[in-house]
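Structure first, commentary second.
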Amino acid sequence: MKNAHHSSIVQSIFWVFLLFCFMSCKKSATEKTDSIATPPGQAKPTLKTKATGENAAPSEHINFLFPSGGIVKLQKIKIVQSANSSYFSVHNYPGGYCGFQQTSDPSYGTPNILISSLWDTNTAAGVYSSPSYLGAGTVSSRFGGEGDGTKTINPYKWKLNSWYNFAVRFWTIGGNIYVATFVQDLGTGNWFLTSTITRPDAMTSLGNGGDSFLENWEGYTYDGRYKRKMFLKDFWNLNLNNVWEKHTSRYFTANAGDSVRNGIYDRAFNSGYDSKEDAYFMEHGGNVTPSAAFGTGRTLNLPAQTNQGNAPVLTIGAVSTVTASYTSGTVKVNWTINSTKSPQYSSKVEILNSSGTVVNTSDVIQPERRSVSLTQSLPAGNYTARVTITDIFNQVSAAVTRSFSI
């Protein structure tokens, strides 16, 4: 309190507020607590005999191990059953994670959102993460509760029974790490950069592991009565030597020690490899039960994916159009890229004179950049702007040029 003369009534309100905050801390670190309505378009599932208190579907993980640390993590996901209060995380790496969520929070305009989060380096010391770029429609805010950091949310409107490709690209500049999250709708081929988040850090990669998880983040309204199921496949790791790696081992685990939170749904979990989908699956809630392979346990080693191949099948990033002009000592160059090809990671813009000599260059790591202004006094004559991009998988595009005169 700032003033000693505030009444005891105000003090009482203050303590009630603290109690409310404490009771609310069960919600996810990256989401708001859901409201009470039934999910749109979903019938209320058949109830088990429900115990008093929270009855969340068990949190589940598939952990993957790669030979070395990666600068790119790439994996596909398909969600076939969902409900509100669900997190389908595709990539969980040291300090961050990303994936799809379904929420009853109306503020995003859709229940089916895309989320990417990065923890602070040291919150207590004031060393925070922060967004360096937000894609169209993406919003950013701070989160706390399970650590503190920056979350970015986009109203992506993902669909059931559709495959999506998730790519996380890592780089460092000047003592800061940058993590950019890209999603490709495999139905349309279009890629989307939802955000880039940065923080001061000495990390050199995203690590040699990979963790994908399924979470029912509140077990009161949208609890374990609702079945949730996801498929995952084609998980790749691009290492620091620019070599693609497959995971050498992988195992599933349903969180142990959560039996009080899970209540009557504590054993409503399952996972395995589906040969028809050529994919791993995780499911929980509803009438789900562990397969016989689990016995009485909660962990399961998983086999290698049968048809993954030796390297991902990729397109190469492509520049679609280039424009160039010169005004008052500044060359302005704009370009567009093909959104169905691998996304831009960096761009190189060169200005050539009539003899073909490069007289100015801009070479920048910035996935969202589509224009550059180069300050240089040039004599009258004919010039060419040449634009080349390197995509997030370190593939170099064909150059596209545009002539201009002074």
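The values are calculated or read from the model by the stated rules, or taken from the named source; none is laboratory data. Values in this document were obtained by computation on a predicted structure and should not be read as measured data. Here the Cβ is made from the backbone with ideal geometry for all residues, glycine too, and neighbour counts use every protein chain on show.
Of the residues making up region 111-129, those that are in contact with a Lys or Arg (Cβ under 7 Å, 6 or more places away or on another chain) and small (Gly, Ala, Ser) are Ser117, Ser129. Within region 207-223, the only residue that satisfies the criterion of being assigned to a strand (DSSP E or B) and more than 17 Å from the chain's Cα centre (by Cα) is Asn216. Counting residues in region 361-368 that are among the aliphatic types (A, V, I, L, M) and either in a loop (DSSP other than H, G, I, E, B) or within 23 Å of Ile177 (Cα to Cα) (or both) gives one or more. Of the strands (runs of 3 or more DSSP E) contained entirely in region 104-191, those carrying at least 3 residues that are more than 12 Å from the chain's Cα centre (by Cα) and over 25 Å from Ile337 (Cβ atoms) fall at 139-143.
Filtering region 136-160 to residues that are under 21 Å from Asp120 (Cα atoms) and surrounded by 14 or more Cβ atoms within 10 Å (Cβ to Cβ) leaves Thr138, Val139, Ser140, Phe143, Asp148, Gly149, Thr150, Lys151, Thr152, Ile153, Asn154. Only a single item in (1) at pLDDT 95 or above; (2) surrounded by fewer than 18 Cβ atoms within 10 Å (Cβ to Cβ) is not met by Ser342, and it is number (2).
Yes or no, residue by residue, for (1) at pLDDT 95 or above; (2) over 13 Å from Leu193 (Cα atoms):
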| position | (1), (2) |
| --- | --- |
| Gln101 | yes, yes |
| Pro111 | yes, yes |
| Ser116 | yes, no |
| Ala124 | yes, yes |
| Gly147 | no, yes |
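Taking the criterion of being in the same structural domain as Asn165 (by TED's automatic domain parsing), of a type in the set (D, E, K, R), over 24 Å from Val80 (Cα atoms) and not in a loop (DSSP other than H, G, I, E, B), would at least one residue in region 242-253 satisfy it? Checked against the condition, which is being in the same structural domain as Asn165 (by TED's automatic domain parsing), of a type in the set (D, E, K, R), over 24 Å from Val80 (Cα atoms) and not in a loop (DSSP other than H, G, I, E, B), region 242-253 yields at least one hit. Each residue in region 308-318 was checked for being surrounded by fewer than 10 Cβ atoms within 10 Å (Cβ to Cβ) and not aliphatic (A, V, I, L, M), and 1 of them qualify. Can you pull out every residue in region 89-103 that is over 10 Å from the mean Cα position of the chain (by Cα) and on the phi < 0 side of the Ramachandran plot? Passing the criteria: Tyr93, Pro94, Gln101, Gln102, Thr103. Exactly one residue out of Thr172, Thr150, Thr198, Thr188 is within 24 Å of Ser104 (Cβ to Cβ) and of a type outside the set (A, V, I, L, M): that is Thr150.
Kindly check whether there is at least one residue in region 244-252 that is of a type outside the set (Ser, Thr, Tyr), on the phi < 0 side of the Ramachandran plot and over 24 Å from the mean Cα position of the chain (by Cα). No, the conditions are met nowhere in region 244-252.
Please count how many residues of region 270-289 are buried (at least 18 other Cβ atoms within 10 Å of the Cβ), assigned to a loop (DSSP other than H, G, I, E, B) and on the phi < 0 side of the Ramachandran plot. Adding up the residues that qualify gives 1.
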